[in-house]
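S.K.: Please see the structure below; I have some questions.
The values are calculated or read from the model by the stated rules, or taken from the named source; none is laboratory data. Remember, predicted model here, so these are calculated numbers, not experimental data. As a convention, Cβ positions derive from the backbone with ideal geometry for all residues, glycine included, and neighbour counts pool all protein chains shown. Just the protein is used for accessible areas: all its heavy atoms, side chains included, with ligands, DNA and RNA removed. Shrake-Rupley method; radii C 1.70, N 1.55, O 1.52, S 1.80 Å.
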Amino acid sequence: MTIYKNLIAGEWVGTDATKNINPSDTNEVVGLYADGSAEDTKNAIAAAKAAFPAWSRSGIWERHVILKKAGDEIMARKDELGALLAREEGKTLPEAIGETIRASQIFEFFAGEALRLAGEVIPSVRPNIGVEITRDPLGVIGIITPWNFPIAIPAWKIAPALCYGNTIVFKPAELVPGCSWAIVDILHRAGLPKGVLNLVMGRGSVVGQAMLDSPDVTGITFTGSTGTGRRVASASIEHNRKFQLEMGGKNPMVVLDDADLGVAVEAAANSGFFSTGQRCTASSRLIVTEGIHDKFVAALTEKLQTLVVDNALKSGTHIGPVVDEKQLKTDTDYIEIGKKEGAKLAFGGELVTRETPGFYLQPTLFTEATNQMRISREEIFGPVVSVIRVKDYEEALATANDTPFGLSAGIATTSLKHATHFKRNSEAGMVMVNLPTAGVDFHVPFGGRKGSSYGPREQGKYAAEFYTSVKTAYTLA
Ligand code: ADP
């Protein structure tokens, strides 16, 4: 089997490799991918540092052309890359193709942004002096990504980093190196100069740690668990380095008595269970007012009965497998915790077997949960959702905000008053009205508050806040 290698200083290198396994069919090896060392990481950082002076001064047309080429190739290969994504991560083929299209759109967006880079020229408060405000690239950006969006998250970090003139050392998640390798290959062939984008696949404790420990990495953008996020933060503070973190969520969806039942059920089923509940924006707390509670639970349970859990590549599958054995154990442990805590298992909770051996778990719904239970406070990251009954809107809002996290929050209501109040008073970074808490546009800011995120927003033009550093220059005329 071919080994997909790391890209360091423009050369494909590496002999050690690990298997990329398909969670829908654990007999299938998707590919062999390089297992980088701390030495490889050091070489990659050195290459990115050496490439920075030229790339930071490259013309914006060159950046535009490369980003555009990458976006076009990803779109042209959406079915093939989508299938690779579904095979390595386990989300369904339509979801995987959708994510691939989104990755392409992100490259197209930042291809456009490269041509719109601008500063400000303003008068000084002192006579005969001019003031210019410009944005400089940061330098070497360390990109560390998780497994749940194998192509979109790398795209939304790599595209702005390049657009604003930074060089990169990129470490994808161990479980899903395939899509990352593919986009690095695409960008390399699109004409990026040597060393501008370096790929080091490998373990977090080795490659990731070597990035955290290097004084030459000037910025780190991280998406992953809260625990690793904290390590990124403390190491970055030690090196006086800029960092950006996207971590967990325990996103609420409020359903009010006046909600359109069909809209509420569709939004809850999508947010809670699609992509196997493995989205940081998934709703895992459904906060439902008394008047609609029983009807809503009955309709949602009916909907869950229709959802097919099976191989991600099979047509008709709504929910693919859990990503790996470790995550499956986390999910089933939490199901046991929920039962012990006194929540009622209203649907699912069981592992299922399919034609191909994989990590298949039924969508699982708890009712009669309280917001104090561990299943309501801790991020599970699987298809496990709890329903919390509340008296009225005020209690619903207070419950929605009573969480250490603050990524996304939703409300299903036909009341303009409640929708408006919720948008204003939710403590989440993203608020959805009559829509799933997951599923966001590619051209507007993404990010959360409280324990979910740290630093500037990602995506859209707001991405410039992280990937650039502002300079103020004064000139005597
Ligand atoms: P998850 O539980 O979603 O896998 P992690 O935070 O463990 O979340 O992983 C997110 C990313 O962080 C992965 O690319 C992983 O390899 C990386 N990572 C894990 N440990 C470290 C570490 N000590 N230093 C830097 N990166 C790490």
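S.K.: Only helices at least 20 Å long along their own axis, judged from Cα atoms, and with Kyte-Doolittle mean hydropathy of -1.0 or greater: name those in the chain from DSSP H.
M.R.: Qualifying helices, which must be both long enough and hydrophobic enough, are 38-56, 60-76, 93-114, 290-306.
S.K.: Taking the Cα centre of the chain as the origin and placing charges on Cβ (Lys, Arg +1; Asp, Glu -1), which of 273, 474, 173 is farthest toward the positive end of the dipole?
M.R.: Farthest along the dipole direction, towards plus: 474.
S.K.: For residue 8, what is the net charge nearby, where nearby means another residue's Cβ is under 13 Å from its Cβ and Lys, Arg count +1, Asp, Glu -1?
M.R.: For residues surrounding residue 8, the net value is +2.
S.K.: For labels at residue 58 and residue 461 in the simple 7 Å Cα→Cβ model, what's the distance in nm?
M.R.: Calculated label separation equals 2.4 nm.
S.K.: List the trypsin sites (Lys or Arg not before Pro) within the range 314-392 that fall in a DSSP loop (any state other than H, G, I, E or B) and whose Cβ has at most 11 other Cβ atoms within 10 Å.
M.R.: Sparse-neighbourhood loop trypsin sites (Lys or Arg not before Pro): 391.
S.K.: Amide H to amide H under 5 Å from residue 4: which residues, 5+ apart in sequence or cross-chain, H placed 1.01 Å off N in plane?
M.R.: Residues meeting the criterion, in which the H sits 1.01 Å from N, are 32, 33, 34.
S.K.: Please get the size of the charge dipole for the chain, origin at its Cα centre, with Cβ charges of +1 on Lys and Arg and -1 on Asp and Glu, quoted in debye to the nearest 20.
M.R.: With only Lys, Arg, Asp and Glu charged at Cβ, the dipole is about 1180 debye.
S.K.: Can I ask one more? Give me a comma-separated list of calculated 3J(HN,Hα) values for the range 115-124, in order, Karplus coefficients 6.51, -1.76, 1.60 applied at θ = phi - 60°, integers in Hz, x for any Gly or Pro.
M.R.: Values, residue by residue: 7, 10, 4, 8, x, 10, 10, 9, x, 7 Hz.
S.K.: Based on alpha-carbon centroids, what's the gap between the range 385-431 and the range 49-89 in Å, whole number please?
M.R.: Going from one Cα centre to the other spans 38 Å.
S.K.: When the accessible area of the range 192-313 is split by element with a 1.4 Å probe, what percent falls to carbon and sulfur?
M.R.: Answer for the range 192-313 is 51 percent, counting heavy atoms of protein chains only.
S.K.: Turning to a different aspect of this structure: Between residue 401 and residue 263, take the C-beta separation as r, use R0 = 30 Å, and let me know the FRET efficiency to the nearest 0.05.
M.R.: 0.85
S.K.: Further, regarding this structure: Note down, for the chain, the three equivalent ellipsoid semi-axes (square root of 5 times each alpha carbon gyration tensor eigenvalue), biggest first, whole angstrom.
M.R.: 39, 28, 19
S.K.: If you don't mind, another one. Could you give the length gained on full extension between residue 136 and residue 121, defined as 0.36 nm per residue of separation minus the Cα-Cα distance, in nm?
M.R.: Length difference between fully extended and current span is 3.9 nm.
S.K.: For residue 352, put the label point 7 Å out on the Cα→Cβ axis and report which residues of the range 362-394 keep their amide N under 18 Å from it.
M.R.: Those under the cut-off are 362-366, 382-385.
S.K.: With equal scatterers on the alpha carbons only and no solvent term, can you work out the Debye log10 of I(q)/I(0) for the range 328-477 at 0.09, 0.10, 0.12 1/Å?
M.R.: Result of the Debye calculation: -0.41, -0.49, -0.67.
S.K.: Picking from 48, 15, 94, whose Cα lies most toward the positive end of the charge dipole for the range 1-99 (charges on Cβ: Lys, Arg +1; Asp, Glu -1)?
M.R.: 48
S.K.: A further question on this structure: Which residues' amide hydrogens lie under 5 Å from the amide hydrogen of residue 366, considering only partners 5 or more residues apart or on another chain, with H built in the peptide plane?
M.R.: 346, 385, 386, 387
S.K.: Restrict the search to the range 91-185; then list the trypsin sites (Lys or Arg not before Pro) that DSSP places in a loop and that have at most 14 other Cβ atoms within 10 Å of their Cβ.
M.R.: 116
S.K.: What accessible area per residue comes out for the range 251-433, rounded to a whole number of Å², with a 1.4 Å probe?
M.R.: Here the per-residue accessible area is 39 Å².
S.K.: Add -39500 (n - 2.57) for each DSSP H run of 4 or more in the chain, then divide by its residues: what number comes out at 222 nm, to the nearest 500 deg cm²/dmol?
M.R.: -12000 deg cm²/dmol, from helical runs alone.
S.K.: Oh, and also: With r defined as the distance between the Cβ atoms of residue 470 and residue 79 and R0 fixed at 45 Å, what FRET efficiency is calculated, to the nearest 0.05?
M.R.: Efficiency, rounded to the nearest 0.05: 0.60.
S.K.: Once you charge only the Cβ atoms, +1 for Lys and Arg and -1 for Asp and Glu, what is the size of the charge dipole of the range 251-433 about its Cα centre, to the nearest 20 debye?
M.R.: That gives a dipole near 180 debye.
S.K.: How big is the Cα convex hull of the range 251-433 in projection, averaged over all directions, in nm²?
M.R.: Orientation-averaged projected area of the Cα hull: 9.5 nm².
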